[in-house]
Amino acid sequence: MEPPSKLRMVSTANKSGAAPSLDVLSEILLRVQAKTLWRFRAAYPSCRPLFSDPSFIRAHPALRPGLILTLAGNNDAIHMTDLSGNVVRRISITPQGVGVASHPGPFYLLLDRTRVRVVDPDTGAVSTLPVDDLQGRVGSSFEGSYALGWVASMGQHKVLRVVSRYHERIEQHCDVFTLGERCWRPVPSAPLCVKFHIIRRHVAGHNTVIQGVVYFLPHRTYPSFDVIHVENNLRIGTNYVMAFDLETEEWRPTMLPGPPAISMTDKDCELKLANLNGNLAMLCHSHEFRDHHRVEIDVPFATDLEKGVWVKEHSIRLKFLMLKPRMFVPDIQLLSVLDDGRVLFYYSGNCSPGNKSLLEPNWRTSICDPRTKSCKNVPQNGVRYIIGMYTGSM
């Protein structure tokens, strides 16, 4: 909470009718906590341009790293927290949701029970994607993967949905939905089977969006969609990245080569894509945790995606991330990389198979420093899922 003198300065200025200049106001607000900034923003709409100023955001110590968006409560609230664990803002989730305005965002996707929702942190709006016949079956024998991106040339947000059915042969159906419209539109399927999981809490675990293009990894076991004839899958290389263009609503004809150092035959190696400050990155680690002291989490990123040039930017031992030996960590995701080189991961942990449900609030965010080989957890309670890192304006 800010010192009373600062509150009196703003209050006195408004009562006398002579508001302080934006320069003076900026100097004052740079010294208050992020939670107070949101309250001030709501009370004084005329000052909102200040909160959209990139220089102000970079200068404020609480806003510069960004805010963590989490699904909390009884799946009925979104918390925006700083890296100290302070809840800066709460966004309520209503059963039906409300419409979101069309602007660059950023917007985020989340799975609330069986409904997929779009979150606009700038306005606090949370809308619900429409349910069609295919969407209604997601969660039974069908698994849905979603990606949301801004198409700058069209001034629209679009959602790509890939619904997979795991049977004798994997079936995948792709559709696109434009925010503000009513219906999903079918689009061509991917050239290879898109990686997916039958049981997954989040909606975008194996894809990432950069500048209106959605990047996917192929399924490493069944790239040919064939579950029965395994030999058909062995003939297909899987060290590739597939790309879907949200503007043209088509899969790009050429698949992009993945990191050459990755062994695609190592089935214990878990791979995930991530957006590393506007660059395509890949999170690589073993999902065999019995010897977690030796397991490395590597983060190579693409410096020239067309030519397949990848550079390993970050690496950290799993033992620094995990709180307890032999702790079961079913999922690790890359959240962000800070200006000082520290890496933010989030993961579901502190549970063992068959013990705690993955739907319980046990998600954590960890700040890892590769230089000092240390990690620190962000204090968070009752987090059901980490939605993303908000780095936009206020």
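The values are calculated or read from the model by the stated rules, or taken from the named source; none is laboratory data. These numbers come from a predicted model, not from an experiment. A quick note on method: Cβ atoms are made from the backbone with ideal geometry, for glycine too, and the neighbour counts reach across all protein chains shown. Please note that ligands, DNA and RNA were not included when accessible areas were found on the heavy atoms of the full protein model with its side chains. Shrake-Rupley method; radii C 1.70, N 1.55, O 1.52, S 1.80 Å.
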Pair list, Cβ under 9 Å, 6 or more apart: segment 271-282 residue more than 9 Å from residue 334 (Cα to Cα), other residue of a type in the set (S, T, N, Q) and assigned to a loop (DSSP other than H, G, I, E, B): 278/211
Which numbered condition residue 31 fails, given (1) charged (D, E, K, R); (2) at pLDDT 70 or above; (3) over 17 Å from residue 123 (Cα atoms): (2)
Failed criterion for residue 355 (all others in (1) at pLDDT 80 or above; (2) out of contact with any Lys or Arg (no Cβ under 7 Å at 6 or more places or on another chain) hold): (1)
Which numbered condition residue 293 misses (of (1) at pLDDT below 80; (2) in a loop (DSSP other than H, G, I, E, B); (3) open to solvent by less than 20 Å² (accessible area, probe 1.4 Å)): (3)
Filtered residue count, segment 149-176, keeping only those that are in a strand (DSSP E or B) and farther than 19 Å from residue 215 by Cβ: 5
